[in-house]
Amino acid sequence: MKGVEYTVALITLEQALGMRTPQVRENSTTYLSTPHAAIQIMLNFDRQYVRAAGTRLWDLDGNEYLDFVSGYGSVNIGHNHPRILETLRRVEEMPKIVQTSLQQLPTALAHNLAQVAPGRLTRCFFCNSGAEAVEGALKITRAATGRPGFISCKGGFHGKTFGALSVSGRPKYQTPFEPLLPGCVQVPYGDLEALENALRKNKAAAFIVEPIQGEGGVITPPAGYLRAARDLCKRYDTLFIADEVQTGMGRTGALFACETEGVEPDVLCLSKSLSGGAVPVGAYLATEEIWKSAYGTYDTALLHSSTFGGYWGNTLACVAALTALEVTLEEDLPARARENGAYFLNELNRLKGVYPLLKDVRGQGLMVGIELADQGKGLLSKLSTGISEKMMGDFGQVSNLVTVELLNSNRVLTVYTLNNPSVVRLYPPLNVDRKDLDYVLESLEKLLSKRKSFLGAATAGVGNVLRSRKRS
Ligand code: PLP
């Protein structure tokens, strides 16, 4: 049979894989986001990464980089872990998606997650992202309680779909999309009195909270906060949702961060490193009672579902997640995150004592953030007479000079946190070794001790801004 004749020239996979930087930039600028592409180019962040293994990335020219972003915490087991590659080959011939049957892999994954999850979280629902896990969690708690409202924390981040955005805590991301979900109330993170007042007044379906705020700038709450917040929720019949999309799967030194305070959530949200970053995946887990009251009848069973998730999952996500969990436990990654994290935080705190530009060092395990002082704020803006700020928004912060310098002079990949751009996150894969941690510490110290390098980065950035303006 004759196929449809296309009159357009499509890029073949072979051509795509051989594409060089100028064409990638042009496609990105034309078909994706112009400002996003401009910022990548301007900061000289734009490299064609073509290979990855463990903590390392390599670009088209064979340059090697140390990845301290780890897909925002998605690659806890390291890039392309050999066990993940082997496992993906192992299912090569299996169907990748069949919803109309009960399948081995999703049932095994749901079983395993129920075994390792804290408390009595036995029911599992699969999806494809963190925001979807949060949407599912919000829906199940509403359906189970019959209450409409939600309480969440200022500065928190739960994703950018409507429900998740409604409980997130950065007005910049919310305002253009209002009205959001009604009945959402926010309280300061770590403030139990404010939480109790909100619980008393609002009779909310759920309180959703990150055990450590990731995008908020790696904020750890006061000791005992999670435990007490969980108890308060119980007292006011409000369900407790732990959003462990970022803290989960060993990042903070425990498989789940809420275990540190012995907290048993009613619902737990997971994504990012659930599949070791190999395949998009998300999940929420709920207790038997909550699941049953929301979706436990024939009539309610499919009130919530998803093509690639639901109760059937999909082969690639499930097999990657099964393997990632095995690797995490077998390689004892939570303990390694705990030990190496303690070392790293200790050394960073030493730098903080010496260099005033390093305003704060925060974190737990290998979920680490460094906050840069205001000193250099506006530097880029001044040098570019305001152009960079206008063009760069959050990217015009001093934290970006640090990330730019770390990448361009030291080939270390870092990035700021979404809700708090003055904080640079340092999230290596959990099997990072001391040598790599020391290299990043040395790179950082070099940079902190030489204001000149900031100026160099700033000037280069501004030069790029001006050149890209001239071109456009
Ligand atoms: N929840 C938390 C705690 C997150 O950190 C994120 C993403 O950074 C999300 C939810 C949303 O995840 P996604 O970007 O996969 O939708």
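Tabulated data
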{"item": "In sequence order, calculated HN-Hα J values of the range 112-127 (Karplus, 6.51, -1.76, 1.60; Hz; x Gly/Pro)", "result": "5, 5, 4, 5, 9, 5, x, x, 10, 8, 10, 9, 10, 10, 9, 8"}
{"item": "Spatial separation of Cα centroids for the range 71-103 and the range 174-213, in angstrom", "result": "36"}
{"item": "Residues listed by number, the range 154-195, amide nitrogen under 19 Å from LYS203 label point at 7 Å toward C-beta", "result": "182-186"}
{"item": "Bridge type composition, the chain - antiparallel percent by DSSP, nearest 5", "result": "70"}
{"item": "GLN48/GLU326 FRET efficiency (R0 30 Å; Cβ-Cβ; nearest 0.05)", "result": "0.40"}
{"item": "Under-5 Å amide H pairs with VAL361, H placed in peptide plane, nonlocal only", "result": "GLU371"}
{"item": "Cα-centre dipole for the chain with unit charges at Cβ (Lys and Arg positive, Asp and Glu negative), debye to 20", "result": "1280"}
{"item": "Centroid-to-centroid separation of the range 273-300 and the range 394-444 [C-alpha atoms, Å]", "result": "34"}
{"item": "DSSP beta bridge pairing in the range 108-255, given as percent antiparallel to the nearest 5", "result": "10"}
{"item": "Share of carbon and sulfur in the accessible heavy-atom surface of the chain [1.4 Å probe, %]", "result": "55"}
{"item": "Dipole of the range 1-137 [Lys/Arg +1, Asp/Glu -1 at C-beta], most positive-end residue of SER74, THR12, ASN112", "result": "ASN112"}
{"item": "Partner aspartates and glutamates for LYS450 [C-alpha distance under 19 Å; skip if fewer than 8 residues away on the same chain]", "result": "GLU347, ASP360, GLU371, ASP374, GLU405, ASP438, GLU442"}
{"item": "Of LYS139/LYS172; LYS234/LYS359; LYS160/LYS352, pairs whose Cα-Cα distance is over 31 Å", "result": "LYS234/LYS359; LYS160/LYS352"}
{"item": "Listed residues ALA320, ASN27, LEU345: farthest to the positive end of the dipole of the chain (Cβ charges)", "result": "ASN27"}
{"item": "Simple label model, 7 Å out from Cα along Cβ direction - MET94 to ASP438, nm", "result": "4.2"}
{"item": "Residue-by-residue Karplus 3J(HN,Hα) for the range 179-190, coefficients 6.51, -1.76, 1.60, Hz, glycine and proline x", "result": "x, 8, 4, x, x, 9, 10, 10, 10, x, 5, x"}
{"item": "Dimensions (Å) - the range 82-330, Cα atoms, principal axes, largest first", "result": "55, 41, 37"}
{"item": "With DNA, RNA and ligands ignored, accessible area of CYS124 (1.4 Å probe; Å², nearest 10)", "result": "20"}
{"item": "Rg and Dmax of the chain, Cα atoms only, in Å", "result": "22.9, 73"}
{"item": "GLU64-THR307 pseudo-label distance in nm [points 7 Å out on the Cα-to-Cβ vector]", "result": "4.2"}
{"item": "Tensor-based shape of the range 60-118 (alpha-carbon gyration tensor, a/c under 1.5 rounded, otherwise prolate or oblate)", "result": "oblate"}
{"item": "Label-to-label distance, nm, for residues given as LEU17 and TYR31 (7 Å Cα→Cβ offset)", "result": "1.8"}
{"item": "Considering only the range 82-330, percent of DSSP beta bridges that pair antiparallel, nearest 5", "result": "50"}
{"item": "At R0 = 60 Å, FRET efficiency that the Cβ-Cβ distance of SER449 and ALA9 yields, to 0.05", "result": "0.70"}
{"item": "Ellipticity estimate at 222 nm from DSSP helix runs (n ≥ 4, -39,500 (n - 2.57)) divided over the chain, nearest 500", "result": "-13000 deg cm²/dmol"}
{"item": "Dipole magnitude of the range 195-285, debye to nearest 20 (Cβ charges: Lys/Arg +1, Asp/Glu -1, about Cα centre)", "result": "220"}
{"item": "Using θ = phi - 60° and Karplus 6.51 cos²θ - 1.76 cosθ + 1.60, couplings along the range 168-178 (whole Hz; Gly, Pro as x)", "result": "7, x, 9, x, 3, 7, 9, 3, x, 10, 5"}
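The values are calculated or read from the model by the stated rules, or taken from the named source; none is laboratory data. All of these numbers come straight from a predicted model, not from anything done at the bench. Glycine gets a Cβ as well: all are built from the backbone with ideal geometry, and neighbour counts include every protein chain shown. These accessible areas exclude ligands, DNA and RNA; they are computed on the full protein's heavy atoms, side chains included. Shrake-Rupley method; radii C 1.70, N 1.55, O 1.52, S 1.80 Å.
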